[in-house]
């Protein structure tokens, strides 16, 4: 990413301009600290300031995170910076641990993305000002710092959760960076007995249309797996065979969401946080997206009606793919019932200590479980049952099937190679599971009806695709606005 002029960055710092929060970080040579532009500390002199486009770049330059403004809780906008889709996809994989552990490396990450290690490093320096390894290390340090500030976890638990190889390495890193042991960063009031669950706050860039996001999830909540209650989203989760649950609430004044986690493995906390960010699309630069889409007068009215509407993701790519197949040519309600039946037949029961609600009893079945099942057991057309089986077998054979590894055209082609997956289903999976911001299932009946309504003319897929060219590279967000507008008029549209 190319930073604005230093004078512009400094004016943003002087005025504590929240529009720059998460987009720039200011390092102060006289203190050795780097801050968010909204830091309440006294504004340093212009000649003492250096500006960076990422926390990793500031940290790699030798600066340490500010203890007042806490860079670790700045809105995470890294995946929206610059023009490199490769960097965006790499960041998504790093957030899920692609560079954690000795067995992982930049070369392996680059291979997954279809580029060379040298090229990946060059792209990271160009767009983020830091190497992939530095980005991963900074993520680890900042996540540990957030756990120290916001939870009652012991230092050993924090070290394990943040991915440090040992407590000694964790202690050495914090002493080197902050000139003090990590326990000294914790307020005395927080040093109490650990809670049964872990509570994290994840920031976003406002506006955020929480009510409509929640309505989207509520309409599709799978019985036994998901629930929307009292303005909160609850669900069961599975990571590498371990089972647990999460509860997500909105904190509008703090411009963040609160995630309450019940899970047996501390090392999974960064992955859980990354998946929740993806599920609720917290990293979107929504002002930029809405401004771009509002150039179309037909969409401008929808965006004024729902400012801050995001593109909902999915907890697990395989789950979204199965939902998409179940929802082919039937209503949302019918697809939800089928998904509940599938979970009752094949889902793993969730142990009682890790249930955050009595009605959440099972986790969604994994690919291997469905692939090895002698019968799916659902009353539906044989062709769709065969597609469910084909998706399960493909996901079991290729664990990275739903990860963001390539351009949208290649992703859609890879998905369409699965028996029974057509253009509509592939685009929908790319939108919600792979998190492609430009995915657009133009053949969706709900999109066609809604687009025809706002444009005052009937639409076919070809005409809608032509109209949507102006919405690129954020057609997924246009689709969400069209779906929500259509849902108001016809609650039974077919989008799963």
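The values are calculated or read from the model by the stated rules, or taken from the named source; none is laboratory data. None of the values given here were measured: they were computed from a predicted structure. Virtual Cβ from ideal backbone geometry, glycine too; neighbours counted across all protein chains shown.
Those helices (runs of 4 or more DSSP H) of segment 397-486 in which at least 2 residues are at pLDDT below 90 and out of contact with any strand residue (DSSP E or B) (no Cβ under 7 Å at 6 or more places or on another chain), considering only elements entirely within it, cover 445-455. Considering 114, 62, 97, the condition of being out of contact with any helix residue (DSSP H, G or I) (no Cβ under 9 Å at 6 or more places or on another chain) and either touching a residue at least 60 places away in the same chain (Cβ under 8 Å) or surrounded by fewer than 20 Cβ atoms within 10 Å (Cβ to Cβ) (or both) is satisfied by 62 alone. Restricting attention to segment 213-227, and to residues there that are more than 19 Å from the chain's Cα centre (by Cα) and farther than 17 Å from residue 345 by Cα, which single residue is surrounded by the most Cβ atoms within 10 Å (Cβ to Cβ)? Among those residues, the one meeting the criterion is 227. Kindly indicate whether any position in segment 340-353 is crowded, with 22+ Cβ neighbours inside 10 Å and modelled with pLDDT under 95. Within segment 340-353, not a single residue is crowded, with 22+ Cβ neighbours inside 10 Å and modelled with pLDDT under 95.
Filtering segment 36-59 to residues that are in contact with a helix residue (DSSP H, G or I) (Cβ under 7 Å, 6 or more places away or on another chain) and in a strand (DSSP E or B) leaves 49, 51, 52. Considering 286, 261, the condition of being in contact (Cβ under 8 Å) with a residue 12 or more places away in the chain, surrounded by 21 or more Cβ atoms within 10 Å (Cβ to Cβ) and touching a strand residue (DSSP E or B) at 6+ places or on another chain (Cβ under 6 Å) is satisfied by 261 alone. What number of residues within segment 291-331 are free of Cβ contacts under 8 Å to residues at least 24 places away in the same chain and either in a loop (DSSP other than H, G, I, E, B) or buried (at least 22 other Cβ atoms within 10 Å of the Cβ) (or both)? Of the residues in segment 291-331, 1 are free of Cβ contacts under 8 Å to residues at least 24 places away in the same chain and either in a loop (DSSP other than H, G, I, E, B) or buried (at least 22 other Cβ atoms within 10 Å of the Cβ) (or both). In the set (1) surrounded by 15 or more Cβ atoms within 10 Å (Cβ to Cβ); (2) within 23 Å of the chain's Cα centre (by Cα); (3) modelled with pLDDT of 90 or more, residue 104 fails one condition alone, (3). Taking segment 13-51 as the range and being more than 17 Å from residue 63 (Cα to Cα) and in contact with a strand residue (DSSP E or B) (Cβ under 7 Å, 6 or more places away or on another chain) as the test, the residues that pass are 13, 38.
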